[in-house]
Amino acid sequence: MRKTLFASLGMVAARASMMCLAAVVMITAPAAAWREWLGQDDIAALFPAPLDGWTVEDVAIEKRDTVTSGFEAFAVAPLAETATAGVSVRLKVTRIYSQPEKSITISIDTEDIESAVSVDGMSAAYTSDADARARLEHAGIIPFERDGYPGLKLAVANEAGRVFKVGSAGVLSLQCAYPDCGADLDAMTARLDFSAIAEFVAFDHRR
């Protein structure tokens, strides 16, 4: 489903430049700014309780470089003995909910610039361009909001998804692939605490 999302290269490049500039400032911030998120149990609490009759797996945590990680590593190298900051890290945390022959995957990505730009771009096109609206609807993509957070509903055959932009570049996604699974995604979405997810996305995660 994510292959249907598009990215604005100009906006991505502009954001990357701004983040590189911000990294120079962050390197001199107090050490307290770089503590890790509280722990895996606290990350698990960001995810909703399973629907009745469903089971849930442990949270999987994936660490990746951010668009500024290489720059930051280069900038702090001369200060290796005295620097108190780690290099910024992008976190993608995922949890899978299951029932016989059914599965829902929920992911929170702290810096998915491409998808975040796509949510904004498609939402803007849908409201301002009748032709774009028709093309999006034909592709099974409908912009909407939840608790003030912009999102997209995606549906292709028996696959469905919900993608939300959280903060400047964070992305929350829910996916399933079984008949009429969109209703279950909506039920899970209703259980999400978007404010807590926004706090997690905005946190200065570092390694």
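Throughout, read-outs are computed from the coordinates displayed, never taken from laboratory work. Because the structure is predicted, anything quoted here is derived from the model rather than measured. Quick reminder, even Gly has a Cβ in these numbers, built from the backbone with ideal geometry, and neighbours come from all protein chains shown.
Structure values in brief
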item: Residue 42 versus residue 132: modelled label distance in nm, points set 7 Å from Cα along the beta carbon direction; result: 3.9 nm
item: FRET efficiency, residue 144 to residue 196 (Cβ-Cβ, R0 25 Å, nearest 0.05); result: 0.75
item: Per-peptide average of other Cβ atoms within 10 Å, ordering 49-59, 154-164 highest first; result: 154-164, 49-59
